Amino acid sequence: MENLNPILSQCPLFDGIVPEEMRAMLGCLGAKKITAPKGQLIFQEGDEAIYVGIVLSGSVHLVREDYYGNRSIVAHIAPGEVFGETYACAGVRALPISIAADEDSTCLLIDCRRITASCTNACVFHSRMIFNLLRLVANKNLMFDQKIEVTSKRTTREKLMAYLLTQAKLHGSDSFTIPYDRQALADYLEVDRSGLSAEISKLRKEGKLECEKSTFRLL
């Protein structure tokens, strides 16, 4: 795991932990690296909810499917970002979602119990990691609230515009690239893809936005 430090130093879970501590820390935590090709499930709904995952390369989606197979993307997780922490810390027995590779991806998995439990080696980084983990859970809850705010809008247009305005604010620009293609964006907004494409075309004709694939500009 010699080449992990550059990615982990960007990960909020390891904020305040110096690179020199990384090797001993990862060994103490029993961290394991996995690879997953695009489309493969890393975890499936119903799996034990004990792991905190960190994306090292590629990206993953948190995905929820209802009884009828309708798919909703809960979140997009990019390199250096964390997934699974909310469910692991909540102590739920089984994951209520699936976690799938959006592209060929490499992830680091840590049993959350190894972070929160007292270490027999009395490693000094444990208290710092627990603080970081709590902050991550709080931030992830804010992200989930943001999705609820977007998807609670009544129409496809309102959902789309709410999402795009949020992204413009996040990027600090009226021009930005989102992490979703058309189908994934429809799954995130919980709308029909054809209806979404129709609304995007209408907004372009009305001179309210420009777009090229996943890049948008609000006018």
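The values are calculated or read from the model by the stated rules, or taken from the named source; none is laboratory data. Just so it is clear, the model here is predicted, and its values are computed rather than measured. Cβ placement follows ideal geometry from the backbone for every residue including glycine, while neighbour counts extend to all protein chains displayed. The protein model used for the area step is the full one, side chains on, heavy atoms only, and it has no ligands, DNA or RNA in it. Shrake-Rupley method; radii C 1.70, N 1.55, O 1.52, S 1.80 Å.
Basic side chains Lys and Arg get +1 at the Cβ, acidic Asp and Glu get -1 at the Cβ, and with that the dipole of region 1-70 about its Cα centre reaches some 220 debye. With the simple model of a label 7 Å out from the Cα in the direction of the Cβ, LEU219 to LEU41 spans 4.4 nm. Skipping prolines and chain starts, which residues have an amide H placed within reach, meaning under 5 Å, of the one on SER105, given they are 5 or more residues away or on another chain? Amide H neighbours of SER105, under 5 Å, 5+ apart: ALA36, LYS38. When only the Cβ of Lys, Arg, Asp and Glu is charged (+1, +1, -1, -1), the dipole of region 60-219 relative to its Cα centre reaches about 360 debye.
With each label modelled as a point 7 angstrom along the Cα→C-beta vector, the ILE130-SER173 pair spans 4.2 nm. Shape summary of the chain, radius of gyration then Dmax from alpha carbon positions: 18.9, 64 Å. Once region 16-64 is represented by equal point scatterers at the alpha-carbon sites, with solvent omitted, what log10 I(q)/I(0) does the Debye formula produce at q = 0.14, 0.15 Å⁻¹? Calculated log10 I(q)/I(0) at the listed q: -0.49, -0.56. Positive-end ranking of SER59, VAL18, GLY46 along the dipole of region 15-65, with charges on Cβ about the Cα centre, is headed by SER59.
Surface analysis of the chain yields an accessible area of 54 Å² per residue, using protein heavy atoms and a 1.4 Å probe. How large, in percent, is the carbon and sulfur part of the accessible surface of region 1-149 at a probe radius of 1.4 Å? Here carbon and sulfur together make up 51 percent of the probe-accessible area. Ordering ALA88, ASN141, HIS126 by the projection of their Cα atoms onto the charge dipole of region 84-219, which places +1 on the Cβ of Lys and Arg and -1 on the Cβ of Asp and Glu, puts ASN141 at the extreme positive end. Taken over region 119-219, the convex hull of the Cα atoms encloses 124 Å³ per residue. Once the Cα atoms are used to define both axes, helix 156-171 deviates from the longest principal axis of the chain by about 50 degrees.
Annotation for region 184-219: trypsin sites (Lys or Arg not before Pro) lying in DSSP loop with at most 11 further Cβ atoms inside 10 Å of their Cβ are LYS213. Here is how the number arises for the chain: DSSP H runs of 4 or more residues each give -39500 (n - 2.57), the sum is divided by the residue count, and the result at 222 nm is -12000 deg cm²/dmol.
Think of each Lys and Arg Cβ as +1 and each Asp and Glu Cβ as -1; about the Cα centre, that makes the dipole of region 1-127 roughly 220 debye. Calculate, for GLU206 and SER152, the FRET efficiency according to 1/(1 + (r/R0)^6) with r their C-beta to C-beta distance and R0 30 Å; round to the nearest 0.05. For R0 = 30 Å, the calculated efficiency reads 0.80. Once the GluC sites (Glu not before Pro) in DSSP loops with at most 14 neighbouring Cβ atoms within 10 Å are cut out of the chain, the longest remaining piece is 104-205.
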